[in-house]
1. Size of the dipole of the chain about the Cα centre, Lys and Arg at +1 and Asp and Glu at -1 on the beta carbon, nothing else charged, in debye to 20?
2. Just the number, please: Stokes-Einstein D of region 325-377 in µm²/s, Kirkwood Rh from C-alpha pairs, 37 °C, 0.692 mPa s.
3. Working from Cα positions, state the angle (0 to 90°, nearest 10) between the long axis of helix 50-75 and the longest principal axis of the chain.
4. Ranked highest first by the average count of other Cβ atoms within 10 Å around their residues, in what order do 145-155, 231-241 fall?
5. Rank-order 65-76, 168-179, 189-200, 105-116 by packing density, defined as the average count of other C-beta atoms within 10 Å over each peptide's residues, highest first.
6. Using only alpha carbon positions, build the gyration tensor of region 342-455, then give the equivalent ellipsoid semi-axes as the square roots of 5 times its eigenvalues, largest first, whole angstrom.
7. Quote the Stokes-Einstein diffusion coefficient, in whole µm² s⁻¹, for region 251-454, based on the Kirkwood radius over alpha carbon pairs, a temperature of 25 °C and a viscosity of 0.890 mPa s.
8. Over the Cα atoms, compute the radius of gyration (one decimal) and Dmax (the largest Cα-Cα distance, rounded to a whole number) for region 27-234, in Å.
Amino acid sequence: MNNQYEERLGTERMLPLIFKMALPAVAAQFVNLLYNIVDRIYIGHIPEIGTNALAGVGVTTSIVILISSFSAIVGAGGAPLAAMALGQGDRVRAGKFLGNGFMLLILFTVLTSLVSYLFMEPILLFAGASAVTLPYAEDYLSVYLLGTLFVEISTGLNTFINSQGRPNIAMYSVLIGALLNIVLDPIFIFWFDMGVKGAALATILSQACSAWWVLGFLCSDRASLRLQKCYLKFDRRIVGGMLALGVSPFIMASTESLVGFVLNGSLEKFGDIYVGALAILQSAMQLVSVPLTGFAQGFVPVASYNYGHGDRQRVKDCFRIVLTVMFSFNFVLMLLMICFPTVVASAFTSDPELIATVEHVLPLFLAGMTIFGLQRACQNMFVALGQARISIFIALLRKVILLVPLALVLPRFCGVEGVFMAEAVSDATAAICCTLLFFWQFPKILRKMQNLVQN
C-alpha cells in the first residue's frame, strides 16, 4: 500500500500544498456548476415555454438540494474524521468511516426517494409551484429521482478520495459527469424533443458515470484507503461521530432547501416572473459558492490531517491562507455581478421582462454575500477541526434563525423587494457573527489539540 499521497499532507509547504489540493476540486466544481447552469440556459431558451419551464425547474431546486444535502453528512462529516484518523495512523478507524458512510448513503437514497415520489405534488406546490409551472416541475423531478443513488454516491464519497491526498482523481469524477451532461443536454432537450425531462435524464446519466468512477477507484488497489466489505457493518460509534460532525454541513446544505421553499412560496404570491428571477439569482450565487466549496474540499483534508497529527503551526498557516483566498475571491466576483446584473440575466433568458426583473432585484439579493467569504472560511475550518456543535449553530444561524423569519416579515413592509433583501441581511449578519466566534474559539481549539498530543 502506497501512502505517500496522504503523508504529504503533513510535510509539504502549506501554500503550494493547499493550492495543489484545492485547484483540482475548484476546477471540478466549476465545471460541475457549468453543467447546472447550462441546464438552466438550455431550459430558459426552449421556444415558447422557456420562461415557465425555467420557473418550474427552479421550484424543484429546493427538493434537489434537500436530497443531495444528505450526502454532506457522509462527505463533509465522515471524510474529515477519516483524514484525522489517517493523521493519527489509525487506518482501521478511517476504513470504518468510509464503509459506514457508503451504507448510510444507500439508506438516505431509499428514504428520500420514497418520500419524494409519494408526496411529489404537495411538496412542489409548497415549494412555490403554480398551476402553470407544476407540470414542468413534475416532469423534471420524476426523472431526476431515478438517479438519486448516483448523486448520493458521487457527491458523498468523492471527498474520501481527497482525504487520501488524491485531488486529481477526485476532480476526474466530477469532470466526467459534468462534461457528459453538457454534451447530453442539447441532445435530449432539443434533438429528442424531451424538454425538461431530457435535462433531468442527461443529469442522472452523467451522475451515474461519476458514481462509477468514484466506486471504481475506492475499490481498487490504487486507493490507500479502500472501500472494503469488512467495514460495511454499521458501527454505532462511527456512525454517531459521522452524524455529529456531518449535521452542520447537512444543515448548511438542507437549509438552502428550506430557504427555497420559503422564498419561492413568498414570491409565487407576486407572480411567476419573480420565481424565475430567483432561479437565475441562485445560479448567479452558485458561480461564487460552488468554487468556494471546491476550495474547501481541498483544504479541509489538509487541516484535518495536521490537526490529527498535532501540528499547531501548520493548522494556523492553513487557516491564514484559506481566509485570505476565500474572502478575496468571493468579494471580487460578487461585486462584479452587482455592477453588471443585466449581463447575468441575459445569459439565462431573452425575455425582456425577466431580464428587467433580475436587474432590479439582483443587487438587493447579493449585497450581503460580498463578505460571505469570511463565513465560508471560518465555518469550513470549524468542520475540519471537528467542532460539531459550533458548526451546527453557525449553520442554523444564517438560514433558520435569520433568513426564514426575515423572508416572512420584510415583505409585509417592503413588498416583493423584502423577500430579496432578507437574503442580504442574513448573509452579512451571519458572516460577521461567524468570524467573531471563530477568532474567539480558535486559540482554545489549538490549546486543546496540544494538550491531547502531549497526553
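1. 2320
2. Stokes-Einstein gives a translational diffusion coefficient of 283 µm²/s.
3. Relative to the chain, helix 50-75 is tipped by roughly 20 degrees.
4. 145-155, 231-241
5. Working: 65-76: 25.1, 168-179: 22.2, 189-200: 19.3, 105-116: 16.7.
Packing order, densest peptide first, comes out as 65-76, 168-179, 189-200, 105-116.
6. 37, 16, 10
7. Roughly 137 µm²/s, to the nearest whole number.
8. 18.1, 60
The values are calculated or read from the model by the stated rules, or taken from the named source; none is laboratory data. Bear in mind that the values here come from a model prediction, so they are computed numbers and not experimental data. Heads up, the Cβs are rebuilt from the backbone with ideal geometry, glycines too, and the neighbour counts pull from every protein chain shown. To get the accessible areas, we keep the full protein, side chains included, count just its heavy atoms, and leave off ligands, DNA and RNA. Shrake-Rupley method; radii C 1.70, N 1.55, O 1.52, S 1.80 Å.
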